[in-house]
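Notes follow the structure.
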Amino acid sequence: MVFDLHIGVLAFPFGTHAGPLLTLVQRLAASSPRTQFSFLNTRVSNGSMFNARVSVPYENIKVYDVWDGMPQGFWGNHFEAIRLFLSASPDNFEKVIEKAEEETGLKLCCLISDAFLSFACDLAEKRGVPWVAFWGSASHSLSVHVHTEEILKAVGSTEVTKQEHTLSYIPGLTKVRLSDLPPENFLDKNPSLLALTINNMVQKLPKSIAVVLNCFEEIDPVITNDLKSKFKHLLNIGPLMLGLQPQHLILSSPNPRALDDKTGCLSWLDNQNKPRSAIYISFGSFVTPSKNEVMSLAEALETCQIPFLWSMKDHVKKSLPEGFLNRTIAYGKIVAWAPQLQVLGHSSIGAFISHCGWNSILESICSCVPMICVPMTMADHKLNARMVVDSWKIGVGVEGVLTKSKTIEALNHVMFSEVGKSIRENIYRLKEKALDAVKLDGSSTKNYKKLLEIISAPKVG
Ligand code: UDP
């Protein structure tokens with residue numbers, strides 16, 4: 001295959017960052033068959049995506065492993081792994097870019113990277129090519145980073161003291177409280193590595209040719225317009241999981257029966273008696289709730305006897321009350337990993353207890369499932385929960401420490417009360433907007449076409 005253009009794609013290999021970026025690249029590859037996309041990511045992250053969940057059916061995507069910075073036999077926590085990876089960057093990426101250029105016989109004409117990897121801006125500048133930054137999350141979470149300086153000025157100090165302070169002066173964020181913000185928003189005397197990474201990103205993003213988001217404009221038009229004024233191009237192209245077919249952007253409707261149901265989640269859901277009678281629980285790919293939180297949830301489920309499907313990593317099971325698994329066997333199912341998108345799309349699911357990762361929220365919206373928000377103090381989870389509960393009103397929150405009684409109250413609200421009914425109406429309206437955005441004349445489709453134009457005819461500046 002002879003290619004006309006060569007585009008480098010740099011992934012951030014932690015959490016669920018790399019998956020949506022790969023989805024985007026698969027779509028670009030389908031739309032632009034004469035462009036080679038070199039996808040650079042660590043071996044472990046590539047392995048988990050390509051072995052388990054995603055295939056690369058396109059001849060014009062070539063996957064490369066970059067060094068993760070870890071010494072042989074490394075056994076450390078998540079943050080240490082990120083630190084080592086970032087210390088090895090960008091040299092690890094540069095080496096592989098050179099290899100990809102040599103193998104393809106084409107110099108890069110554009111660099112697309114996870115927005116976290118803002119050194120891609122310098123790599124692109126050095127090569128005289130444009131940089132496209134991918135923010136795989138929502139516009140509101142980008143906005144709080146972009147407006148950090150104003151927030152700090154309004155608070156009056158870098159110390160986070162006024163927890164009830166609301167961001168009424170930031171377009172679209174009037175409901176957000178200071179205490180909802182990601183810890184990385186604050187560069188204090190000893191900033192964390194993630195805080196520094198995000199601060200660098202904020203400095204570099206205005207230099208990018210486009211900032212691309214896995215979000216849709218209509219979810220927050222005020223925030224969208226504000227962010228549009230900050231960047232050369234702000235392109236919301238989501239929700240990415242609403243599929244784009246090769247050459248065209250059309251809705252895909254995943255057929256659950258066509259998918260492997262190894263864990264039996266879908267057949268378990270088939271066996272539930274009534275529509276919207278069961279709940280789904282997941283804390284995403286890397287967050288682990290505390291023992292107390294697991295206990296509170298479990299006790300609430302047992303008291304209410306609501307059918308539940310719980311995606312729970314094996315090591316979390318030891319936090320369950322003794323005998324819980326046996327006592328709930330008639331109405332509960334626990335699996336280490338669920339086919340979440342298909343689960344949420346099943347008619348038996350009536351609510352989703354979630355840690356509020358952005359992908360989970362998008363999947364919940366697109367499946368029209370109300371959320372019970374149990375955010376952890378990590379990344380954008382609390383911020384997302386605030387938007388779900390107070391801005392879009394598509395879920396209920398559990399404020400403060402999670403307890404059995406708060407969980408029962410939230411379950412009753414969402415599953416059985418008028419509040420639940422109005423939440424379902426709100427989420428239905430938002431889902432319609434998401435579907436409209438990816439129709440042929442929708443905003444996400446137009447933005448995607450703009451992105452294609454930008455990467456196909458790259459010019460610096
Ligand atoms: N997920 C899944 N099965 C599970 C748990 C999670 O498929 O049992 C998927 C889920 O559908 C979502 C992603 O993992 O796409 C989690 O992403 P999110 O942004 O919600 O949270 P994170 O893992 O980044 O904290």
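The values are calculated or read from the model by the stated rules, or taken from the named source; none is laboratory data. From a predicted model like this one, the values you see are computed outputs, not experimental measurements. In case anyone asks, the SASA skips ligands and DNA or RNA and just uses the protein heavy atoms, side chains included. Shrake-Rupley method; radii C 1.70, N 1.55, O 1.52, S 1.80 Å.
Summary of computed values
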quantity: Paired Rg and Dmax values of segment 101-171, which use every Cα atom, in angstrom; calculated: 18.1, 57
quantity: Nonlocal amide H pairs with G350, under 5 Å, H built at 1.01 Å; calculated: S277, A278, I279, Y280
quantity: Rounded accessible area of H413 (nearest 10 Å², 1.4 Å probe); calculated: 70
quantity: Taking the convex hull of Cα positions in the chain, its mean projected area over all directions (nm²); calculated: 21.7
quantity: C-alpha long axis of helix 193-204 to longest principal axis of the chain, angle in °; calculated: 50
quantity: Whole-Hz couplings from phi, Karplus 6.51/-1.76/1.60, listed for segment 422-436; x for Gly and Pro; calculated: 5, 4, 5, 5, 5, 5, 4, 5, 5, 4, 4, 5, 5, 5, 4
quantity: Probe 1.4 Å, all protein chains present, accessible-area order of S319, S290, largest first; calculated: S290, S319
quantity: Amide H within-cut-off set for F134, under 5 Å, with H built and near neighbours excluded; calculated: S113, D114, A115, V212
quantity: Å² of accessible area per residue within the chain, as computed with a 1.4 Å probe and no ligands counted; calculated: 43
quantity: Kirkwood-type radius of segment 341-460, with distances r between different C-alpha atoms, in Å; calculated: 15.6
quantity: Beta bridges by DSSP in the chain, antiparallel share as percent, to the nearest 5; calculated: 5
quantity: Distant-in-sequence amide H partners of I334 (H built 1.01 Å from N, under 5 Å); calculated: W310
quantity: For segment 87-104 and segment 310-356, distance of Cα centres in Å; calculated: 42
quantity: Segment 286-353, accessible surface, carbon-and-sulfur percent (1.4 angstrom probe); calculated: 54
quantity: M1 - accessible surface, heavy atoms, 1.4 Å probe, Å² rounded to 10; calculated: 140
quantity: Normalised contact order of segment 395-461, rounded percent, pairs of Cα under 8 Å and 6 or more residues apart; calculated: 15
quantity: The chain - percent relative contact order, Cα under 8 Å, separation 6 or more; calculated: 15
quantity: 0 to 90° range, to nearest 10: angle between helix 404-416 axis and the chain longest Cα axis; calculated: 80
